[in-house]
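Any read-out appearing in this document is the output of simple, stated calculations on the displayed coordinates, not a laboratory observation. As the structure is a prediction and not an experimental result, all values here were calculated from the model. Here the Cβ is made from the backbone with ideal geometry for all residues, glycine too, and neighbour counts use every protein chain on show.
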Amino acid sequence: MWGAIKKWTGANSSIKTREELVKEIQTLKIPEHVAIITDGNGRWAKKRGLPRTAGHAAGMKSIRETIRAANDLGIRILTLYSFSTENWKRPKEEVDYLMKLPKQFLKTDLKELIDSNVKVQMLGSKEKMPSFTQQALLEFEEKTKNNTGMILNFSINYGARDEILFAIRQIIDEVQKGNIEKEDINEELMNHMLLTRGLPDPDLVIRTSGEIRISNFFLWQLAYSELWFTDLMWPDFTKDTFYQAIHDFQNRSRRYGAV
Ligand code: FPP
């Protein structure tokens, strides 16, 4: 019943079943915040001779499967970087398709998210989005706002440099109004001015599609995050890949600059 998973960490790679891997993961420290750059939908589709939109449709299955797996493991915060401020430069037809996804996802998945006690939040500006997209996103936030389980952040229309600039402007405002002194500017204040206010930094960042870069994601928050890359395109990312990433993370040594 359980698919065999190849454990690739360590010199002696051994075969573990999914059940064994999950059991082992649960005995180790579960990362509190996992963020994923869900990349490769377009290339996945191209390889199959399909339109890019077919890749995005397939990618929604990976989104659903990953949310379930993260929730089952007891991860407290899952952030999915789904649409950057630069993605508006894509062909109109593709952007139009992407903007319809939140409404579709609302129809198919809101009930399950409510039942699983997941709280959905948006990190990014709803500006520029069509009103039906904004409404779907607002409905997600509104209908799950009292949930106390996993926090699911969708970074949509998000860009880290914009976020940092916005924070700097807010801090300058506060200094100019006399509410704070220049000497009060510290990491804690900066954290408070970012969209991730109140959330811990990601422990682990996963990026699919073989690209080894951060692409304007969480530039402040990633200072000490562990990074994990896979060549798999996002639609090929399954719960097994997710478990492998978590397990690999659990076997790293985090020193935060100390020895
Ligand atoms: C990246 O692949 C993936 C995306 C741009 C998917 C974005 C998904 C959404 C905006 C919808 C999610 C929102 C909700 C609320 C469900 P790519 O197109 O960059 O792939 P490529 O690099 O191969 O071209």
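Anisotropy class assigned to region 24-101 is prolate, per the alpha carbon gyration tensor with a/c at or over the 1.5 cut-off and a/b larger than b/c. Oblate is the label for region 61-174, because a/c, from the alpha-carbon gyration tensor with a ≥ b ≥ c as root eigenvalues, is 1.5 or above and a/b does not exceed b/c. If the chain linking R76 and I30 were pulled fully straight, counting 0.36 nm for each residue of separation and taking away their Cα-Cα distance, it would gain 15.7 nm. Reducing region 216-253 and region 110-132 to their Cα centroids gives an inter-centroid distance of 23 Å. For the options P91, P51, P102, a Gaussian network treatment of the chain with springs between C-alpha atoms closer than 10 Å singles out P91 as fluctuating the most.
The HN-Hα couplings worked out from phi for region 119-128 by the Karplus form 6.51 cos²θ - 1.76 cosθ + 1.60 (θ = phi - 60°) are 9, 9, 9, 9, 10, x, 9, 7, 4, 6 Hz, whole numbers, x standing for Gly and Pro.
With neighbour counts taken as other beta-carbon atoms within 10 Å, the residues F83, F229 rank, fewest first, as F229, F83. Applying the Karplus relation 6.51 cos²θ - 1.76 cosθ + 1.60 with θ = phi - 60° to region 187-202 yields 3J(HN,Hα) values of 4, 4, 5, 4, 4, 5, 8, 8, 5, 8, 2, x, 9, x, 5, x Hz, where x marks Gly and Pro.
When the chain is treated as a GNM with alpha-carbon contacts under 10 Å, the residue of K145, K182, K119 showing the greatest mean-square fluctuation is K182.
With the simple spin-label model, which puts each label point 7 Å out from Cα in the Cβ direction, the E112 to W88 separation comes to 3.2 nm. Here's how it looks for K119: its modeled amide H is under 5 Å from those of G149, M150, I151, L152, which are all 5 or more places away or on a different chain.
Descending by average beta-carbon neighbour count within 10 Å, the peptides 149-158, 183-192 line up as 149-158, 183-192, the highest first. One chain, two ends: Q134 and I214. Fully extended at 0.36 nm per residue, the span grows by 26.2 nm beyond their Cα-Cα distance. In the structure shown, the pairs K23/K119; K47/K107; K61/K126; K119/K239; K89/K128 are assessed against 18 Å; a Cα-Cα span above that value is assigned to K23/K119; K47/K107; K61/K126; K119/K239. Largest GNM mean-square fluctuation across Q121, Q244, Q135, computed for the chain with C-alpha springs under 10 Å, falls on Q135.
Please report Rg over Rh for the chain, where both radii come from the alpha carbon positions and Rh follows the Kirkwood definition.
Value, to two decimals: 0.98.
Amide H contacts under 5 Å for G40: W234, restricted to partners 5 or more places along the chain or on a different chain, H placed in the peptide plane at 1.01 Å from N.
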